Each structure stands twice: as C-alpha cells, then as structure tokens.
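Asker: Below you'll find the structure I mean.
Where a number appears in this text, it was derived from the coordinates with a stated rule and is not lab data. Everything quoted here is computed from the prediction, not taken from an experiment. Positions of Cβ are backbone-derived with ideal geometry, glycine not excepted, and every protein chain shown enters the neighbour counts.
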Amino acid sequence: GLLADTEAGPDQIGRAMGERASHAGRMLVIIDNFEHLVEHATDTIGRWLDLAPDVVFLVTSRERMHVRGERILELAPLPTADGLELLLDRAMAVRRGQQISDGDRGILGEVVVQLDGIPLAIELAASRLGTLSPVQLQKRLASRFRLLGDPRSDRPRRHATLEAALDWSWELMTPHERIALAALSVFEGGFSLEAAEEVLDDPDDPDRPWPADLVQSLRDKSLLTVDDLAGGDLRYRLLE
C-alpha cells in the first residue's frame, strides 16, 4: 500500500515510508527472517533510518545487521516449564485423544532439556508423538536429525526438519566461519576465549581471521551462546 512503484529501489521505498509516517505519526515496520539479506542491511534498513526517521523497524534474524542504532533483543531458549507446555500443547493435536500421564510429563521435560529449549526442535518432536510414546521418543534422540523432521508439513523448507534449519545457517557462513565452528565443536561444557584461540589460531596462515573475530562472528550469527560469569571472563558454548 505504499505510494511507490512496484520496481522501486530502497530510496524510493524509504521516502514512501517516511511520507506515510509523517502523516500517521510513528510507524512500526516488521521484517521477518532477514538473515539471508544481512549483507544488504546498510543499503536498505540503514538508508531507511535516514529517510524515514519516524519509522521503527523490528527485524527478526539469526544474524545481527551491524547498522547504527541497532538494539539486539536475544530470544533465549525456552525455560523447561515453558518448553514442556509447548510440547504438550502440540502433542495433543496429534495424539488423537491419547492422554499423557504424569510420568510421561517427566520424561517429556527431560526431552525439552535435551533439545536445549529450542521451540522449533520441540514442535518437531511433538509431531512424532502421534506414533511414538514419550519413552520411545526420548530413546531416539540420539538420532535427532532423522527423528526431528516433518517433510510433508506446510512449513518453509528450512523449518521442516532440524537438519534443514542448521543447513540454512551453515550455507550463510563463510569458509573460515565453518572451519571455526567445526573446530569449536570439540569442546564439551563450553570454552573460554583463550581456549578458542588455541584451536583457531594458525600462524602459518596469514589470511586466517583473528580468533576473537571468528568468535564474535559466530556469536553474531547466533551459533554461540554466552555464559556471563559474575566477576569472571565470559564462557562460550554451542547448543547441543
């Protein structure tokens, strides 16, 4: 509905948003799943911030945009109780009237913990509870990349399986970032920046990015989480 041509470039779209916002007051624009376009953030959202100062942009992305004024609100994994509530809600939609006992609730709570409280993984696990018991589901989590998927669902392809979701992030990485992520996966229980430097630094490769930059990049792409220790150094870890 913006007063702009269908072939409009970023500047024309930005001016159209600014014009509308000037009449309507502050305006909110929501842009969903922006991670595959982050390289264009400066030329689009960065320009729009200048051309439409009364517009607030809410952008969802697995990767930060690095534009001025950006404020990051990280969506942490679900707490176990909330994850269990989501799992039970989705499970009841496929269990055809089969009830879940209190004992099964305890097992499914453990499943939520093993899935790191990630909503997509929880929903994909719930889709299996029409044919698997909670115990059978938990036993098969060792094969989670085969287990957690619903290829026939109407979800976007990158959300149809857990493996596809990770592949989506992998394809958006540079070769150096992929090497770094693979190297850091050897740590169990997290690691410090100093430990990351030990496995990432390669003095024989002058083109290899600085380890601190690689850690920062993986953090910006939501592939590392941070444990903030009071009075101590940060520790990093990968989700299970």
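Asker: Counting other Cβ atoms within 10 Å, which trypsin sites (Lys or Arg not before Pro) in the range 93-133 have at most 16 and lie in a DSSP loop?
Answerer: Passing both the DSSP loop test and the Cβ count: ARG95, ARG96.
Asker: Right, next: Express the relative contact order of the range 1-139 as a whole percentage, based on alpha carbon pairs under 8 Å and six or more residues apart in sequence.
Answerer: Reported as a whole number, the value is 21 percent.
Asker: Ok, one more. Add -39500 (n - 2.57) for each DSSP H run of 4 or more in the chain, then divide by its residues: what number comes out at 222 nm, to the nearest 500 deg cm²/dmol?
Answerer: The per-residue figure over the chain is -12500 deg cm²/dmol.
Asker: From the Cα gyration tensor of the range 22-62, with a ≥ b ≥ c the square roots of its eigenvalues, which class applies: rounded if a/c is under 1.5, or else prolate if a/b is larger than b/c, or else oblate?
Answerer: oblate
Asker: Taking a spot 7 Å from the Cα of ASP50 along the direction of its beta carbon, which residues of the range 1-34 have an amide N less than 11 Å from it?
Answerer: Residues passing the 11 Å test: 11.
Asker: List, in order, the whole-Hz ³J(HN,Hα) value for each residue of the range 139-144 obtained from phi through the Karplus relation with A = 6.51, B = -1.76, C = 1.60 and θ = phi - 60°; use x for Gly and Pro.
Answerer: 5, 9, 5, 4, 10, 4
Asker: Span-like helices, the chain: DSSP H, alpha-carbon axial extent 20 Å or more, mean Kyte-Doolittle -1.0 or greater, which ones? Walk me through the numbers on the way to the answer.
Answerer: Values: long enough: 10-24 (21 Å, -0.94).
Membrane-span-like by this criterion, though nothing is claimed about a membrane: 10-24.
Asker: Over the range 75-156, what is the relative contact order in whole percent, taking alpha-carbon pairs under 8 Å and six or more residues apart?
Answerer: Details: 76 pairs, mean separation 28.8, N = 82.
Relative contact order comes out at 35 percent.
Asker: Scan around ARG235 for amide H atoms under 5 Å from its own, H built in the peptide plane at 1.01 Å from N, and keep only partners 5 or more places away or cross-chain.
Answerer: ASP227, LEU229
Asker: Follow-up. Return the ratio Rg/(2.2 N^0.38 Å) for the range 120-240, where Rg is computed over Cα atoms only.
Answerer: Against the compact-globule rule of thumb, the ratio is 1.28.
Asker: Could you check what % of the DSSP bridge pairs in the chain are antiparallel, to the nearest 5?
Answerer: 50
Asker: State whether the range 54-126 is rounded, prolate or oblate according to the following rule on the C-alpha gyration tensor (a ≥ b ≥ c being the square roots of its eigenvalues): a/c under 1.5 gives rounded; otherwise a/b larger than b/c gives prolate, and the remaining case gives oblate.
Answerer: Cα axes put the range 54-126 in the prolate bin.
Asker: Further question: For the chain, just the Cα atoms, rotate onto the principal axes and tell me the three extents in Å, largest first.
Answerer: Principal extents (Cα only, largest first): 58, 55, 37 Å.
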